[in-house]
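The values are calculated or read from the model by the stated rules, or taken from the named source; none is laboratory data. Quantities reported herein were computed from a predicted structural model and do not represent experimental measurements. As a convention, Cβ positions derive from the backbone with ideal geometry for all residues, glycine included, and neighbour counts pool all protein chains shown. In case anyone asks, the SASA skips ligands and DNA or RNA and just uses the protein heavy atoms, side chains included. Shrake-Rupley method; radii C 1.70, N 1.55, O 1.52, S 1.80 Å.
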Amino acid sequence: MPTNPFTDPAQMTPLYGTAVRIKHRTTALLAAKISGANATTALTQLVASVAPPSPVVADIGCGRGSLALSIAAHLRPARMIAIDQSNALLDAVRARAASAGATIQTLQADFHALPLPDGELDVATAAFCLYHSDHPQMVAAEIARCLADGGHAVLATKSADSYHELDELLARTGLDPAASERQSLYSSFNSTNAAAVTAAAGLQVVDIANEQHVFRFDDSAHLAAYLTTTPKYVLPEQLVDNPRSLAEELARRGIDGPVTTTSTVTYVTARRTA
Ligand SMILES: C[S@@+](CC[C@H](N)C(=O)[O-])C[C@H]1O[C@@H](n2cnc3c(N)ncnc32)[C@H](O)[C@@H]1O
């Protein structure tokens with residue numbers, strides 16, 4: 001396995017080639033969350049705090065479009081653009097926008113080369129996606145290029161030690177003995193380097209907010225539902241993509257009560273100066 005599956009282009013199709021895996025991952029995580037604000041709500045508020053009236057907004061690495069839908073509903077932007085490299089996820093955005101009655105323009109693109117003219121955007125968001133690039137500074141510079149003078153970028157990421165308790169648990173039970181030694185999925189863009197990477201791309205960082213999120217998986221079935229959506233672990237072949245068997249194996253190894261894990265979520269707000 002390469003050093004970091006989150007920056008391995010070959011892993012993007014298994015991760016995001018359909019909307020199913022990301023939906024299961026988000027559902028399992030949100031159901032486990034016991035502390036920490038909803039990120040879509042927090043990001044929408046940050047965008048509202050910097051956006052001019054009737055803004056042109058792009059959500060980059062939009063996934064299934066939860067943030068784009070929220071911004072469209074709360075800010076009434078002149079244009080809401082949702083950008084992702086996955087056509088399957090953009091299909092999901094279009095379907096969700098249609099059923100919400102929202103107008104969202106979708107663009108399929110690699111975020112290292114955004115298909116937008118210079119200075120097009122009042123606000124750009126990029127939530128939980130710059131850690132998929134080995135060169136997040138290039139993506140931040142692309143975002144800066146697409147912002148109008150005085151426009152803002154609102155970025156979100158996680159701490160490099162996110163969910164380390166799960167790494168330790170899998171190592172301790174022998175299910176994945178090397179889990180704790182493997183590089184963080186968030187190593188390229190995380191709570192520690194996000195502000196520096198953003199500034200190095202030429203944006204002026206105006207605010208950084210960190211919030212600890214706590215998750216409690218009540219039983220092995222819930223934990224397995226999450227674990228099978230992350231590419232970090234090297235599990236016995238018969239347990240890969242098999243949450244029921246993984247849950248049984250976790251229980252057999254004594255993991256059937258609540259399991260708690262943590263992640264720091266970091267929001268960076270930055271401005272393009274003339
Ligand atoms: C963890 S998901 C986050 C989705 C969404 N922003 C959210 O917060 O739920 C990461 C997203 O980044 C997208 N992505 C990864 N690499 C990309 C690239 N090179 N260009 C554009 N999008 C990319 C994936 O397709 C996926 O939708």
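In this simple spin-label approximation, Ala221 and Arg172 carry label points 7 Å from Cα along the Cα→Cβ vector, and these lie 2.4 nm apart. How much of the calculated P(r) for segment 116-189 lies past 13 Å, in percent of all Cα pairs? For segment 116-189, the share of Cα pairs beyond 13 Å comes to 70 percent. Under 5 Å from the amide H of Thr106 lie the amide H atoms of Ala82, each residue being 5 or more positions distant or on a separate chain, with H modelled from the backbone and absent for Pro and chain starts.
The dipole here belongs to segment 1-115: it is taken about the Cα centre, uses +1 on the Cβ of Lys and Arg and -1 on the Cβ of Asp and Glu, and is about 360 debye. A Cβ-based charge dipole, computed about the Cα centre of segment 19-79 with Lys and Arg at +1 and Asp and Glu at -1, lands at about 220 debye. Annotation: the antiparallel percentage among DSSP beta bridges lying fully within segment 3-121 is about 0. Rounded to the nearest 20 debye, the dipole size of the chain about its Cα centre is 580 debye, using +1 on the Cβ of Lys and Arg and -1 on the Cβ of Asp and Glu. Counting only aspartates and glutamates at least 8 places from Lys158 when in the same chain, those with an alpha carbon closer than 17 Å to its own are Asp134, Asp167, Asp207, Glu211. Here the calculated FRET efficiency for Ala209 and Ser187, from their Cβ-Cβ distance with R0 = 30 Å, stands at 0.90, rounded to the nearest 0.05. Expressed as a fraction of 2.2 N^0.38 Å, the value expected for a compact globular protein of N residues, the C-alpha radius of gyration of segment 118-274 is 1.25. Its convex hull of Cα atoms gives the chain a direction-averaged projected area, equal to a quarter of the hull surface, of 13.3 nm². With θ taken as phi - 60° and the Karplus curve 6.51 cos²θ - 1.76 cosθ + 1.60 applied, the whole-hertz 3J(HN,Hα) list for segment 17-31 is x, 9, 7, 5, 5, 5, 5, 4, 4, 5, 4, 5, 5, 5, 5 Hz, x standing for glycine and proline.
Close amide H pairs (under 5 Å, H built 1.01 Å from N) link Leu121 with Leu147, Ala148, residues at least 5 positions away or on another chain.
For the chain, with every protein chain kept in place, what is the accessible area per residue (1.4 Å probe, Å²)?
On the way: 11740 Å² over 274 residues.
Value returned for the chain: 43 Å² of accessible area per residue.
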